[in-house]
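For reference, the structure is listed below as C-alpha cells.
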Amino acid sequence: MEQDDPAEALTELRERRLGALELLQVAAGSGLAAYAVWALLLQPGFRRVPLRLQVPYVGASVRQVEHVLSLLRGRSGKLVDLGSGDGRIVLAAHRCGLRPAVGYELNPWLVGLARLYAWRAGCASSVCYHREDLWKVSLRDCHNVSVFLAPSVPCLESGEGSPTLRKELGRLGACFGESLG
C-alpha cells in the first residue's frame, strides 16, 4: 500500500471543487448543527413555560451589564437575577460587592454554563445559580432584582405571571431589562 505525501494530499484537496452533492452535505450538516444547538440550549427552557411567556435566550450585552451595575451602584445586600441565562449579571454584581448574588434560570444548559463561567472566574463558591421558574421565586429577603424580559412577554401589571412576584417586584422597584437598551 502506497503512503501519500501529506503536502500532496493537501494540495489535491485545495484544488478540488465541491460538487452539488458535497454542497448538499455541507448544508444538511450545518442545519443539523443549528438544530442541535437549538434543541440543547434553547428548547429545554420552553418546556415548563406557557407559550405566551416563552422567550428565547439572548445574552446581556456589555452595555446592558454596565447599565444594571450603574443602577445598583451604592447599594448593598442580596442580588437576584431572574432569568439569569449564562450568569453575566450575577458575576458582575458579585465582583461589585453585592452578596449573595443568585441567578434563577429555567434552562438547565444555561445554568450549567453559568456555573462553568463562575468556576472559571474563581467565584463558584460565592455565587449561586438555581434551575427554577422565575415566576415562582420568593424575593422576600432580597434587596436588588435584575429582570430582562423581551417585549413579547406581557407586562406584569397586565395580570400575567405570579401575583406574588408582581407584588414583590413592586415593593423592590425592580427595573426591567427591555428598557436598558
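This table checks each residue for (1) small (Gly, Ala, Ser); (2) over 22 Å from LEU71 (Cβ atoms).
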position: GLY97; (1), (2): yes, no
position: VAL102; (1), (2): no, no
position: ARG115; (1), (2): no, yes
position: TRP119; (1), (2): no, yes
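Looking at the range 122-142, I want the residues that are among the acidic types (Asp, Glu) and have a partner that is open to solvent by less than 50 Å² (accessible area, probe 1.4 Å) and not in a loop (DSSP other than H, G, I, E, B) with Cβ atoms under 9 Å, at least 6 apart or on another chain. Which pairs are those?
Short answer, once both residue conditions are applied: GLU132/TYR104; GLU132/GLU105; ASP133/TYR104.
Could you list all residues from the range 71-123 that are among the hydrophobic types (A, V, I, L, M, F, W, C) and open to solvent by 50 Å² or more (accessible area, probe 1.4 Å)?
LEU71, CYS96, TRP109, LEU113, LEU116, TRP119
Within the range 78-104, which residues are touching an Asp or Glu at 6+ places or on another chain (Cβ under 8 Å) and part of a strand (DSSP E or B)?
Result: ALA101, VAL102, GLY103, TYR104.
The values are calculated or read from the model by the stated rules, or taken from the named source; none is laboratory data. Computed from a predicted model, the values in this text were never measured in an experiment. A quick note on method: Cβ atoms are made from the backbone with ideal geometry, for glycine too, and the neighbour counts reach across all protein chains shown. Ligands, DNA and RNA are excluded from the accessible area calculation, which covers all protein heavy atoms including side chains. Shrake-Rupley method; radii C 1.70, N 1.55, O 1.52, S 1.80 Å.
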